[in-house]
Amino acid sequence: MPDKLEKILFKTQDDHGDIQVAEHNLVRSLYFGKDKKQTSMFMPEPSVLVLSYAQAMTAALMFVNQPKNILIVGLGGGSLVHFLKKFYPECEIDVVELRERVISVAQDYFLLPEKSDKLSIIHEDALPYVESLAQKQNKSYDIIMVDAFDQWGPAEINQDMQFVLNCQSLLNKNGVLSFNLWNRREDEYPVTYRRLLSLFKGNLLELSLGKRDSNVILFGFNDEYHIKNIRVAEMRSARLKLDLGIDFPRYVKLIQLQNFSILKKIKKHFTLSF
């Protein structure tokens, strides 16, 4: 259930489960099922990212300077859309959302515009949609964010390795594919991590927001460029903090610490003392 202090504004359901909207102190939240919070938005300024996982997903921006096109899999309340549209107004954003009801809730309760320049909301299953794009090979992205959840946790699409391969094929050179996952025991996160590490041929960085029962953001690359040049992301993080108001230097330090075994081969990757 939403927090006891929150006022329930709306309830509905579809074939995939329950959807609830609740609000407290001008922060409005979207829930799937009974208690899976998907989005929290500060309504006077919807571009502010309230949830820590959403802030962490934007760490992909440390690897891509001024992205021109971004694909988001999973809309939720649209907080990432608001953030990106404010700070990257020239960026073309495509969002694929399976649940039509989620799209309507985002429009009715989370200020998502029905029409907007450089924003496309696609109501479709991401599996065939991404497969079709990969086959046509007429579109590519600087950043792909996979934020697909249902009322039980990370959606099954995160376990579909062909989907991941199709996403990889849609990345521009030096692009980044980011996943929002959970490290709960029932999610078998270590298995998912090993599979993705193999698919990305070791070019995968982990950003865990907690040791247990928390979000983990994974950043995958088609080659080792960003791993070899992690200090570029570190230098960019300071400017991004000033521009976007998110503590990117903290994220890059966590990435360095949590991926020591991947980065340790080249000592100059680190500015921290171990």
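The values are calculated or read from the model by the stated rules, or taken from the named source; none is laboratory data. Being a predicted model, the structure only gives us computed values, none of them experimental. Please note: Cβ atoms are built from the backbone with ideal geometry, for glycine as well, and neighbour counts cover all protein chains shown.
Write out, first by first residue and then by second, each pair whose Cβ atoms fall under 7 Å of each other, whose residues are 6+ apart or on separate chains, and whose first residue, in the stretch 236-262, is touching a residue at least 24 places away in the same chain (Cβ under 8 Å) while the second is surrounded by 15 or more Cβ atoms within 10 Å (Cβ to Cβ) and of a type in the set (Asp, Glu).
Pairs that qualify, where the first residue is touching a residue at least 24 places away in the same chain (Cβ under 8 Å) and the partner is surrounded by 15 or more Cβ atoms within 10 Å (Cβ to Cβ) and of a type in the set (Asp, Glu), are Val252/Glu234; Gln258/Glu206; Asn259/Glu206.
At least 2 residues that are modelled with pLDDT of 90 or more in each: list the helices (runs of 4 or more DSSP H) lying fully within the stretch 212-264 that qualify.
225-228, 230-244, 248-258
Given (1) surrounded by fewer than 20 Cβ atoms within 10 Å (Cβ to Cβ); (2) of a type in the set (Gly, Ala, Ser); (3) in contact (Cβ under 8 Å) with a residue 60 or more places away in the chain, where does Gly175 come up short, assuming only one miss?
(1)
Residues of the stretch 128-148 being more than 17 Å from the chain's Cα centre (by Cα) and either surrounded by 16 or more Cβ atoms within 10 Å (Cβ to Cβ) or touching a residue at least 24 places away in the same chain (Cβ under 8 Å) (or both), which ones?
Passing the criteria: Tyr129, Glu131, Leu133, Ala134, Gln137, Lys139, Ser140.
Could you tell me whether any residue of the stretch 147-168 is of a type outside the set (Ser, Thr, Tyr), under 22 Å from Ala54 (Cα atoms), modelled with pLDDT of 95 or more and assigned to a strand (DSSP E or B)?
no
Six or more apart or on different chains, Cβ atoms under 6 Å: show the pairs whose first residue is in the stretch 66-86 and among the β-branched types (Val, Ile, Thr) and whose second is at pLDDT below 95 and part of a loop (DSSP other than H, G, I, E, B).
Val73/Ala148
Answer yes or no as to whether Leu205 is within 21 Å of Ala56 (Cβ to Cβ) and crowded, with 20+ Cβ neighbours inside 10 Å.
Yes; evaluated as a whole, the condition is true for this residue.
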